[in-house]
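Bear in mind these aren't lab numbers, they're just calculated from the coordinates by the rules spelled out. Predicted model only: the values in this text are computed from it and were never measured. Virtual Cβ from ideal backbone geometry, glycine too; neighbours counted across all protein chains shown.
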Amino acid sequence: MTDSAVRKDILVGVDPREQSVPVLSWAVEEAARRRLPLRLSVSVPPTRDTHRVDMLPHYMALKEQGEKALAAAAEVVAAMRPEVPVRTELLDGAPAAVLCQGAARARMVVVGSRRLSRPEEILSASSVAVPVSARADCPVVVVVGPEPTGRSGSPHLVVGVDGSDTSRAAVAFAVEEASVRGASVHAVAVWHRPIVHLGDEAAAVEELRRVLSETVAGLGERYPDVEVTQEVLRGHPVEKLAAASAEALAVVVGRRGHGGYSGMRLGSVVHGLLHRAECPVITVPTHRHD
C-alpha cells in the first residue's frame, strides 16, 4: 500500500472542554470538497500518578467528557454535511502528541487555537495549535474563528514566499487548495530591511521579485484553472502577511522542519501569524508524503 493511499482522511482535534463550530465547519466543508472522510479525535491526557486510586474517578470523568464531546461533534458534522463519512476516536495521551501521531495517516490536520501565551504554549498540556503545526508530518490548519462573510473581492488564498524549499511546498499546496475551492492565489514575498544593510535595496527587492516569480513558475500548467498573482512588499513579514490575511480564505506558509528540546521550532513568521492572522493559517511541512 502506498503512503498516499494511507493518507485518506482529514483529522480534526476536538476540544472536549469547548466545542468549536468554526473548526468543525472548516473541516467538514474541506472534506466535502475533497471527498474525504473526517476523523474526529479526542485525547485524554495522562494523569500525574496512574497508580493512585483517587485518580481513577478523575480519569473516568475525562473519558466520559471526551465521549460526549465526540458524539456532539459528530452530530454537528452530520447536520452540516450528512454525506461526509465520519468516525471518532478516543485515545489516551497528550493531545498534541496524539494528533501528531495521527497525522501520519491524514491528508491534513484541523485544530482550533486559544492563542496561548508563549509560556503556556511550551508548558501547558492543553497547548495544541503551535506544537502540532511544528511537528505534524502533513499540512496543519489552525482555525481561530468563524469565516467572515463580508469579504470584498474575489475569493483567494495568500501564500508567503521566501525562495526556500518550505515556501515552494507552501505555494504548491496553496494552488492545489485554490483549485479545490475555485479560488485564486496571491503569492507574497516581503523584503525586511536588516539592521545592517550595506547593499543596494532596489537590487535586493528585484532579486526577491525574481525568486518569487521562479517559485510560482510552472504551477499554471498543472492547475490552469487557478490564477496566481505576485507581489513584493517592504516591511515586516508577519505584519504584511497578517494584513493580507484580512481578506483571504486562508494564509499558507511553509515550515522549516522541527527541532529544539520540544520539537516546537516554527520560525518567527509562522509563530507570529498563528497569533495575528485574521483567517485560518495553514502550515505546510517541506516534505509532504501525499
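For the stretch 156-285, evaluate the Debye formula with one uniform point scatterer on each Cα (no solvent term) and list log10 I(q)/I(0) at q = 0.12, 0.18 Å⁻¹, rounded to two decimals.
Here the Debye-derived log intensity ratios amount to -0.44, -0.96.
Explain nothing, just the number: relative contact order of the stretch 156-285, from Cα pairs under 8 Å at least 6 residues apart, as a whole percent.
33
Straight-line reach from residue 8: which lysines have Cα under 30 Å away, leaving out those fewer than 8 places along the same chain?
63, 68
Any idea how far apart residue 17 and residue 34 come out in nm if each label point goes 7 Å out from Cα toward Cβ?
2.8
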